[in-house]
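Trainee: Let me begin by handing over the structure; questions about it come next.
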Amino acid sequence: MIAITRGVSAAIRDCELTHLDREPIDLERARAQHRRYEALLVALGCSLISLPADDALPDCVFVEDTVIVLPEVAIVTNPGAVSRRPEVETVAEVVARYRPLARIQSPGTIDGGDVLVSGRDIFIGRSERTSDDAIEQVRAIAAPFGYRVVPVSLHGCLHLKSAVTAAAEGILLINRQWCDTAPFAGYELLDVDESEPSAANVLRVGEEVIVATAFPRTRARLEARRIRVHTVDADELAKAEGAVTCCSVLL
Ligand code: CIR
């Protein structure tokens, strides 16, 4: 597996924020945590392609939002936040070595954080960043390969993957307060601990799962379900509304 990451911009303090108040971000601490995240990906067997940060792009560390990778094709996004649109080309150039590219066209907008791929199901959050137009574009690109595209309504979170991610084959970790559950019929739903609403964002790497250390109770729930868990400190980039899936593209 290849993991693409990108460094933390010196301008991270000017990041986009939707549901959080702005608070100071310690750049060196954010970078140190990010390096440990990269090291964990390597320890879990990934070949790392670590791209340099662009200090003109505050949110460039959150590479997940720039591309949707399927085995057959990679879909370059058109991010919902205008400030983030210049991030995509750098990542697209790398992904183009491994996949044919398709592109979401304006006026459609979509962030990769709104897209959860599970087998032949592509769940897409209808968020402030992701429009129905873009969801239809993804459908047109992916349907010929046999994918089912399922829109999901969100309630009060940034992205679909703030509310739900895949923890294992057929098992989704979810905060039901933040998204509809009906689209996930047929999946086993594992609830986050109610004291940890942001804990649903975990990163599955093969048969292992990366969880932020801030969520010990949800971690215990995963372990009780016999899912192998690794933890990273991610609280500095959490102030920029980022979580563990946001900081990598796996292919
Ligand atoms: C943003 O608001 O776009 C960034 N500050 C955070 C993006 C987090 N990305 C993700 O959840 N996929």
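Trainee: Scan segment 74-103 for residues that are more than 15 Å from the ligand (Cβ to nearest atom), touching an Asp or Glu at 6+ places or on another chain (Cβ under 9 Å) and in a loop (DSSP other than H, G, I, E, B) and jot them down.
Mentor: Arg99, Pro100 - these are the residues of segment 74-103 that are more than 15 Å from the ligand (Cβ to nearest atom), touching an Asp or Glu at 6+ places or on another chain (Cβ under 9 Å) and in a loop (DSSP other than H, G, I, E, B).
Trainee: Got at least one residue in segment 138-147 being crowded, with 18+ Cβ neighbours inside 10 Å and not in a helix (DSSP H, G or I)?
Mentor: Yes; the residues of segment 138-147 include at least one that is crowded, with 18+ Cβ neighbours inside 10 Å and not in a helix (DSSP H, G or I).
Trainee: Take Ala199 and decide whether it is at pLDDT 95 or above, under 16 Å from the mean Cα position of the chain (by Cα) and small (Gly, Ala, Ser).
Mentor: yes
Trainee: I'd like to verify a number: residues in segment 228-249 that are surrounded by fewer than 17 Cβ atoms within 10 Å (Cβ to Cβ) and either part of a helix (DSSP H, G or I) or within 13 Å of the ligand (Cβ to nearest atom) (or both), how many?
Mentor: The number of residues fulfilling the criteria is 1.
Trainee: Please find, within segment 1-31, the residue that is most open to solvent (accessible area, probe 1.4 Å) out of those that are part of a helix (DSSP H, G or I) and in contact with a helix residue (DSSP H, G or I) (Cβ under 8 Å, 6 or more places away or on another chain).
Mentor: Top of the filtered list is Arg13.
Trainee: Let me ask something additional. Among the residues of segment 209-227, write down those that are outside any loop (DSSP other than H, G, I, E, B) and of a type in the set (S, T, N, Q).
Mentor: The one that is outside any loop (DSSP other than H, G, I, E, B) and of a type in the set (S, T, N, Q): Thr218.
Trainee: Go through segment 207-251 and give me each residue that's more than 23 Å from Val61 (Cβ to Cβ) and small (Gly, Ala, Ser).
Mentor: Ala220, Ala224
Trainee: If I filter segment 111-121 for residues that are away from the ligand (no atom under 16 Å from the Cβ), in a loop (DSSP other than H, G, I, E, B) and in contact (Cβ under 8 Å) with a residue 40 or more places away in the chain, do I get at least one hit?
Mentor: Taking every residue of segment 111-121 in turn, none turns out to be away from the ligand (no atom under 16 Å from the Cβ), in a loop (DSSP other than H, G, I, E, B) and in contact (Cβ under 8 Å) with a residue 40 or more places away in the chain.
The values are calculated or read from the model by the stated rules, or taken from the named source; none is laboratory data. This one's a predicted model, so the numbers in the text were calculated from it and none came from an experiment. Neighbour counts run over all protein chains shown; Cβ positions are idealised from the backbone, glycine included. In case anyone asks, the SASA skips ligands and DNA or RNA and just uses the protein heavy atoms, side chains included. Shrake-Rupley method; radii C 1.70, N 1.55, O 1.52, S 1.80 Å.
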